[in-house]
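Asker: Would you mind keeping the following structure in view while I ask a few things?
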């Protein structure tokens with residue numbers, strides 16, 4: 001059941017303000033600083049941040065006296081589970097096809113693109129589980145915060161259209177550590193995910209899509225940049241390659 005009609009409380013302003021504050025702070029983050037940190041620490045921090053973000057937002061929702069099953073603007077699963085299940089099943093197949101294309105026909109362009117994010121990509125097989133954990137938990141936390149909560153909050157203030165645009169812009173700012181290209185890409189991705197969320201009425205679907213996309217992206221980045229070298233475990237090396 002959706003929570004569109006639930007009244008707003010003071011704690012909601014605190015949660016929204018915290019999300020905005022953290023996102024704006026990320027917009028001014030220096031990517032060069034991140035390059036000097038160990039990759040394993042980055043992956044662990046990203047996983048912990050995603051888990052903490054999602055858990056805190058849901059906990060605040062509970063503290064406000066609202067049922068967790070009514071979280072968000074349109075709900076967790078959606079009114080028609082069968083199309084949602086089909087979409088969830090088709091999405092990994094689409095990702096797999098895209099990964100295959102990037103690793104074969106478009107490997108050169110993919111390598112050139114991912115070279116700008118070399119410091120964020122896993123460099124060895126031992127780093128892949130950490131990267132995948134960050135991908136999954138990051139997708140969970142960000143969808144809970146930006147699509148589940150922020151769209152609900154902003155819709156109550158200005159309507160769903162403004163909420164979709166504003167939440168996507170804030171989501172883009174939260175990826176400032178990826179530079180200007182990362183902010184632009186994340187904003188567009190936020191608009192697409194918000195649209196799917198509102199059309200499907202399923203928060204779980206966009207959580208699944210976001211998390212699996214992150215995993216696919218880490219896989220492509222690893223394969224085009226580091227897999228050919230093989231055998232060298234540099235999981236504790238700094239982000240700068």
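Every number here is computed from the coordinates shown, using simple stated rules; none is lab data. All values derive from a computational prediction rather than experimental measurement. Every residue, glycine as well, gets a Cβ built from its backbone with ideal geometry; the counts of neighbours run over all protein chains shown.
Asker: May I ask you to sort 119, 210, 62 by Cβ crowding, counting other Cβ atoms within 10 Å and putting the fewest first? Don't skip to the answer; put the middle values down first.
Answerer: Working: 119 18, 210 24, 62 12.
With the fewest neighbours first, 119, 210, 62 line up as 62, 119, 210.
Asker: Here's a follow-up. For the chain, what is the mean residue ellipticity at 222 nm derived from helices alone (per DSSP H run of n ≥ 4: -39500 (n - 2.57); sum divided by total residues; nearest 500 deg cm²/dmol)? Could you put the intermediate results ahead of the total?
Answerer: On the way: 10 runs with 162 residues, N = 241.
Helices in the chain give a 222 nm mean residue ellipticity of -22500 deg cm²/dmol.
Asker: Right, here's the next one. Please determine, in degrees from 0 to 90 and to the nearest 10, the orientation of helix 10-27 with respect to the longest principal axis defined by the Cα atoms of the chain, where the helix direction is its Cα long axis.
Answerer: The two axes meet at around 20 degrees.
Asker: Find, to one decimal place in angstroms, the Kirkwood hydrodynamic radius of segment 84-131, where the mean of 1/r is taken over every pair of different Cα atoms and then inverted. The partial results should precede the final answer.
Answerer: Numbers: mean 1/r = 0.0794 Å⁻¹.
For segment 84-131, the Kirkwood estimate is 12.6 Å.
Asker: Return one quarter of the surface area of the convex hull spanned by the alpha-carbon atoms of segment 53-110, equal to its mean projected area, in nm². Present the calculation step by step, with values, prior to reporting the outcome.
Answerer: Working: hull surface 25.0 nm².
Dividing the Cα hull surface by four gives the mean projection, 6.3 nm².
Asker: If N is the number of residues in the chain, what value comes out of its Cα radius of gyration divided by 2.2 N^0.38 Å? Provide the component values of the computation, followed by the final result.
Answerer: On the way: Rg = 18.3 Å, N = 241, 2.2 N^0.38 = 17.7 Å.
That works out to 1.03 for the chain.
Asker: Something else: Using only the alpha-carbon atoms of segment 119-166 as identical scatterers, what base-10 log of I(q)/I(0) does the Debye formula give at q = 0.13, 0.16, 0.25, 0.32 Å⁻¹?
Answerer: Each listed q maps to, in turn, -0.46, -0.56, -0.81, -1.04.
Asker: Identify which of 11, 151, 77 has the largest mean-square fluctuation in a Gaussian network model of the chain, with springs joining Cα atoms closer than 10 Å.
Answerer: In the Gaussian network model the winner is 11.
Asker: Rank 174, 201, 16 by mean-square fluctuation in a GNM of the chain with C-alpha springs under 10 angstrom and give only the top-ranked residue.
Answerer: The residue that fluctuates most here is 16.
Asker: So, one more: Could you tell me whether segment 8-141 comes out rounded, prolate or oblate from its Cα gyration tensor? Rule is a ≥ b ≥ c as square roots of the eigenvalues, rounded for a/c under 1.5, then prolate if a/b exceeds b/c, otherwise oblate.
Answerer: Working: a/c = 2.44, a/b = 1.31, b/c = 1.85.
Verdict is oblate for segment 8-141.
Asker: Normalising by the residue count of the chain, find the relative contact order in percent from Cα pairs under 8 Å and 6+ residues apart.
Answerer: Details: 351 pairs, mean separation 87.8, N = 241.
It rounds to 36 percent for the chain.
Asker: Would you mind ranking 82, 162, 207 by Cβ crowding within 10 Å, fewest neighbours first? List each step's numbers first, then the result.
Answerer: Working: 82 8, 162 12, 207 23.
The order, fewest Cβ neighbours first, is 82, 162, 207.
Asker: Report the per residue volume, in Å³, of the convex hull enclosing the C-alpha atoms of segment 61-196. All intermediate terms of the calculation are to be shown ahead of the outcome.
Answerer: Values: hull volume 20.0 nm³, N = 136.
Given the Cα convex hull of segment 61-196, per-residue volume reads 147 Å³.
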